[in-house]
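For reference, the structure is listed below as structure tokens.
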Amino acid sequence: MTITYVTITYNAAKVLQRTLDSVLQQDYPDIVHLIIDGASTDGTLEMVNDYIERSNAADNGHRIQVTSEPDKGIYDAMNKGLRSLDGDYVCFLNAGDFLPAPDTASRIVSSVNCQLSTVNSPLPAVLYGDTDIVDENGHFLHHRRLAPPENLTWKSFRHGMLVCHQAFYARTDFAIATPYDQQYRYSADVDWCIRVMKAAAKENVPLLNLHMVVVNYTEEGQTTLHHRESLLERYRVMNRHYGYLQTFFMHCWFIIRSFIKK
């Protein structure tokens, strides 16, 4: 089973090292790491070249592919990654985010193999797990407030993005068939996850809860820097998939819930 990690970079030298190191340290050999760079000018590519040399020296079986050229934004770059995929599963691991332990990938594969040995079913369409939030230095802050349900479906995201994008491993055939919708600037990842799960439900292919933390997520990014725009766009995404009335009433509940928690 091959896992492909896709990392989108643009002048990411300040945060990229821990991402690269976490993939390099994986003890699972069948890993492809696609680095889609937007023509960085800050030393990102020098860091990537050093990463390639260290990976070759480690002889860990990993394959690293790098593309560096101007793009039209993060979701355009992610679509470039989708067009370059092979293997069984893909995970988008942002610059600054990192895998929590050297055996993360091997434990994920073991979970899938265990599932397949006990249930006569196809490879799950999605593997999903938990997320820990870290600061800009990679230090643990807290577990992500929204946690994945035991049995995830595309309807689950009515209650918010219960699975972090970086904790969502999509089977490559579903991923390739579901490019990111570039009409969204900040929330195309939410829309993408929902559409992948919808496609899985249509074909009656299961999703698998990994019951483990699969990513450390740095609490800085475009959705944090553009919080209001992201929320408005996410409302549009939910309205697209769940309808106006359901989306409106769910957001009313979100507001009430926030006051209750205060």
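See the values below:
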quantity	calculated
Expected 222 nm ellipticity per residue - DSSP helices of 4 or more, -39500 (n - 2.57), all of the chain, to 500	-13000 deg cm²/dmol
Using θ = phi - 60° and Karplus 6.51 cos²θ - 1.76 cosθ + 1.60, couplings along region 50-61 (whole Hz; Gly, Pro as x)	5, 4, 4, 5, 5, 5, 4, 5, 6, 6, 8, x
Separation of the Ser84 and Met212 label points, Cα + 7 Å toward Cβ, nm	2.7 nm
Accessible-area composition of region 83-161, carbon plus sulfur, in percent [1.4 Å probe]	48 percent
Cα gyration tensor category, rounded, prolate or oblate, for region 159-226 with a/c compared to 1.5	oblate
Dimensions (Å) - the chain, Cα atoms, principal axes, largest first	56, 46, 34
Amide proton proximity set for Thr9, modelled H, under 5 Å, gap of 5+	Ile36, Asp37, Gly38
Accessible surface of Leu162 - all protein chains present, 1.4 Å probe, nearest 10 Å²	20 Å²
Spatially close lysines, pair count over the chain: Cα under 28 Å, gap of eight or more or interchain	11
Near-label residues of region 195-214 by backbone N, under 18 Å of a point 7 Å along Cα→Cβ of Ser121	196-212
5 angstrom amide H check on Met212, placed H, neighbours 5+ away	Asp130
Cα lying deepest toward the dipole's positive end in the chain, options Thr7, Asn137, His227, charges on Cβ	His227
Calculated from backbone phi, Karplus (6.51, -1.76, 1.60) coupling profile of region 72-82 in Hz, x at Gly/Pro	9, x, 4, 6, 5, 5, 5, 5, 4, x, 4
Accessible area of the chain divided out per residue, in Å², using a probe of 1.4 angstrom	48 Å²
Accessible area (Å², 1.4 Å probe, nearest 10) - Lys198	70 Å²
Förster-model FRET efficiency, 30 Å R0, Asn11 and His142, C-beta, rounded to 0.05	0.60
Net charge dipole size for region 35-85 [Lys, Arg +1 and Asp, Glu -1 on Cβ; Debye, nearest 20]	280 debye
Contact order relative to length of the chain, as percent, for alpha carbon pairs under 8 angstrom and 6 or more apart	21 percent
Farthest toward positive dipole pole in the chain [+1 Lys/Arg, -1 Asp/Glu at C-beta], among Tyr169, Ser22, Leu208	Leu208
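The values are calculated or read from the model by the stated rules, or taken from the named source; none is laboratory data. Small disclaimer: the values here were computed from a predicted structure and weren't measured. Methodologically, a virtual Cβ is constructed for each residue, glycine included, from the backbone with ideal geometry; neighbour enumeration extends over all protein chains shown. Note: accessible area is taken over every heavy atom of the protein model, side chains too, but ligands, DNA and RNA are not part of it. Shrake-Rupley method; radii C 1.70, N 1.55, O 1.52, S 1.80 Å.
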